[in-house]
Each structure stands twice: as C-alpha cells, then as structure tokens.
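Before any comments, here is the structure.
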C-alpha cells in the first residue's frame with residue numbers, strides 16, 4: 001500500500017512531500033489506536049488500488065461522516081471498475097455506520113478524477129477552501145505565535 005501512496009504522490013507532482021514510512025502507515029492502520037482504515041482493490045492477486053479513510057463529524061448534521069483521504073487506482077487498472085468498487089464499498093460502510101456523508105478533496109487540475117467523481121454523482125463544494133496548518137506553522141499555532149509578515 002505504501003508503494004501506491006508513493007505512486008499517487010508522483011502522479012500529483014508532489015513526491016517530495018512523502019515523509020512518512022511504511023512503519024508509520026502500519027502503526028496508523030494497525031497500531032493500538034488506529035486512526036485510519038483502508039480498503040484494497042485487487043485484480044487477481046495484484047493490488048489495483050486503495051481507499052484510505054477515517055471518521056469525521058458534521059456539526060450541522062450532528063452525525064459522523066467519512067473523510068476519504070486518498071483514492072488511488074494504479075494506472076493500468078483505471079477504467080476497469082476498481083475505483084467505482086472502492087467508492088461503492090466506502091458508501092456502504094458509511095451507511096452501515098450511520099454516516100451522513102462521505103467527503104474528499106480533489107486537485108483542481110486532475111480532470112480524469114473530477115470526471116470520475118462527477119460520473120458517480122458527487123457534488124462539488126465550491127464555497128469552501130481547504131486550509132492547512134503543518135510543519136512550522138502548526139508548531140507556531142500550538143505556541144500561540146503568529147506567523148512573521
């Protein structure tokens with residue numbers, strides 16, 4: 001699965017952002033307090049892709065949801081139904097768990113993925129912008145410091 005994460009990062013033109021390790025991924029998924037889950041699609045005995053997700057919460061719905069962190073299908077398996085099968089199973093999990101929605105982000109230049117999601121009936125949430133604190137900004141925020149101008 002970690003090799004698929006690296007493939008995804010390369011596809012998204014961000015390979016240098018992969019700082020995690022296989023051991024860290026294993027701990028996140030299978031450690032004493034797992035923080036994420038994954039579905040793996042296989043074609044024959046070969047991993048074709050995965051969906052990595054975790055529980056979120058909607059204050060407006062007062063219900064849990066699922067955040068789909070990554071949906072990855074290896075290029076040679078695209079168009080064969082692996083991605084749709086992963087989303088179908090994730091939707092079924094969400095319904096079984098009483099979730100009100102499944103959400104994710106997609107890069108604005110990734111037309112094939114956007115088309116795939118549109119064909120599934122996913123709506124775009126254009127009024128919202130994804131924001132992030134990480135690295136030094138995260139550390140500064142924890143200390144109550146403001147960024148330098």
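Structural remarks
- Alpha-carbon Debye profile of segment 75-137, log10 I(q)/I(0) at 0.24, 0.25, 0.27 Å⁻¹: -1.15, -1.19, -1.25
- Working from label points 7 Å from Cα in the Cα-to-Cβ sense, the residue 59 to residue 3 distance is 4.4 nm.
- Projected area, mean over directions - segment 1-80, Cα convex hull, nm²: 7.1 nm²
- Axis angle, to the nearest 10 degrees, between helix 82-96 and the longest C-alpha principal axis of the chain: 70 degrees.
- Extended-chain gain in nm, criterion 0.36 nm per residue less alpha-carbon gap, residue 23 and residue 120: 31.6 nm
- Alpha carbon centroid spacing (whole Å) that separates segment 4-18 from segment 86-108: 23 Å
- Among 97, 74, 119, residue whose mean-square fluctuation peaks in a GNM of the chain (springs only between Cα atoms under 10 Å): 119
- Sorted largest first, the principal axis extents computed over the alpha-carbon atoms of the chain equal 52, 37, 36 Å.
- The mean sequence distance of close C-alpha pairs (under 8 Å, at least 6 residues apart), as a share of the length of the chain, puts its relative contact order at 15 percent.
- Candidates 90, 29, 52, ranked by Gaussian network fluctuation over the chain, Cα under 10 Å, top entry: 29
- Rounded to 10°, Cα long-axis angle of helix 2-11 versus longest principal axis of the chain: 80 degrees
- At 0.890 mPa s and 25 °C, Stokes D of segment 16-61 from Kirkwood alpha-carbon radius, µm² per second: 192 µm²/s
- Helix 111-120 axis, angle to the chain major axis (alpha carbon atoms, nearest 10°): 70 degrees
- Length gained when the stretch residue 33-residue 129 is fully extended (0.36 nm per residue, less Cα-Cα span): 31.6 nm
- Most mobile listed residue (103, 136, 89) in the chain, GNM with C-alpha springs under 10 Å: 136
Here, each number is a calculation from the coordinates, and none is a lab measurement. Fair warning: this is a prediction, and the values are worked out from it, not measured in the lab. As a convention, Cβ positions derive from the backbone with ideal geometry for all residues, glycine included, and neighbour counts pool all protein chains shown.
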